[in-house]
Amino acid sequence: MTLARLPITNCTVGWMFESNPELQEIILPIWCEHEQPSATYLYLSGILTALIGFVGVATNCYVLYVLATRKSIERPFNWFMINLAISDLGLALTTCFPLKVIPSFTKIWIWGKPGCMFYGFCGGLFGFTSLCTLAVIAYRRYYAVVKAHTDPKQVSARTALLTILFVWHWSFIWPLLPFFGVGRYVLEGFLTTSTFDYVSTDSSNLFFCISLYLGGFLCPFSVIVYSYVGIICFVRKSEREISSYSRGGRLGNRRLQISAAKWSALFVLMYIVAWGPYALVCATALLGYKKHLTPYITEFPGLFAKTASIYNPIIYVLRNPSLRKREIRRFRLCQLNKIKISLSERFETLGRST
């Protein structure tokens with residue numbers, strides 16, 4: 001059934017069609033059947049998105065600054081952390097402000113079909129890049145813990161660079177398919193955000209959805225599961241051997257690697273927590289239960305998924321005690337300098353008055 005023949009309950013949708021007929025291509029019939037969302041929820045969505053975007057940009061820029069100004073940047077493994085921060089920063093910049101925030105306050109998608117395509121593509125590209133980078137980090141942790149005794153060499157600069165290039169290339173392929181007529185990006189929920197069409201069941205769109213799931217999600221997630229299951233199995237087998245040594249030597253180094261692997265697992269866990277509710281919404285539609293979806297059910301899980309861009313930098317700071325101490329010391333010095341400046345200004349004022 002075409003949109004023109006549908007009874008449009010959502011008056012915003014009807015007005016959008018009149019002002020820009022091309023939007024019929026990116027609005028699914030399912031959203032025409034629901035009442036227009038309350039302005040309160042639209043504004044709340046916009047405020048939360050702006051907050052998430054601000055925190056995501058600030059924290060990831062901070063992590064990039066720290067990694068770029070420390071000697072640890074010379075270690076190729078840390079390049080993966082830099083790549084993770086870049087992809088999270090890209091996700092915060094392209095899916096929050098202004099592409100999502102402004103439509104939330106204007107109550108209408110103002111970017112047209114090109115903006116819809118761009119928004120959906122960037123969400124897929126940066127989201128998959130973050131997941132693939134987490135998969136690389138997980139495998140390197142697995143290698144450091146389980147395989148280091150047989151092949152102790154560290155990752156080389158060339159290997160790290162080629163791996164990062166492969167991650168971006170792999171993540172670039174899947175969200176690019178709609179630009180070649182395979183699948184499509186559409187508006188969803190409050191019609192202030194764009195995503196892949198997980199509702200339609202035509203062959204082209206199903207192929208696109210399956211490709212996203214297998215290539216963008218299942219492959220890197222399988223690497224993550226394999227890596228951490230391998231680490232857990234190894235730790236259980238060698239628990240007595242590791243506990244008998246308290247310091248130094250190869251086992252001491254391995255214990256450090258296991259500790260680092262636990263923090264890396266936390267990165268992955270928070271990624272799943274962020275994207276899990278939205279993945280459940282998409283799976284609900286793909287499994288044939290789309291009639292249970294409403295704008296509210298799809299909007300807020302999608303909003304929660306955007307928080308994936310802020311967890312990684314926060315965890316990175318928490319797992320570095322020296323970094324926390326340095327920032328606390330820097331904060332205290334800044335406060336002390338402010339007090340000194342304030343006191344000097346007061347004494348100068350008193351001197352002039354006398």
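Neighbour counts of C-beta atoms inside 10 Å place C61, C282 in the sequence C61, C282, starting with the fewest. Based on the Stokes-Einstein relation at 10 °C and a viscosity of 1.306 mPa s, and on the Kirkwood radius from alpha carbon pairs, the stretch 72-214 is assigned a translational diffusion coefficient of 94 µm²/s. Each of R319, R141 was scored by other Cβ atoms within 10 Å of its Cβ. Arranged with the fewest first, they read R319, R141.
Evaluated at q = 0.13, 0.15, 0.24 Å⁻¹, a Debye calculation over the C-alpha positions of the stretch 131-212 (equal weights, vacuum) places log10 I(q)/I(0) at -0.61, -0.71, -1.11. Extension gain for the segment I210 to I297, taken as residue separation times 0.36 nm less the Cα-Cα distance, is 29.1 nm to one decimal. The tail of the calculated P(r) for the stretch 173-241 beyond 20 Å holds 49 percent of all Cα-Cα pairs. From least to most packed, judged by other beta carbons within 10 angstrom and beginning with the fewest, Y41, Y316, Y65, Y213 follow the order Y65, Y41, Y213, Y316.
Values quoted throughout were computed directly from the atomic coordinates according to the rules given, and no laboratory measurement underlies them. Model, not experiment: these values are computed from the prediction. When we count neighbours, we look across all protein chains shown, and the Cβ atoms used for this are built from the backbone with ideal geometry, even at glycine.
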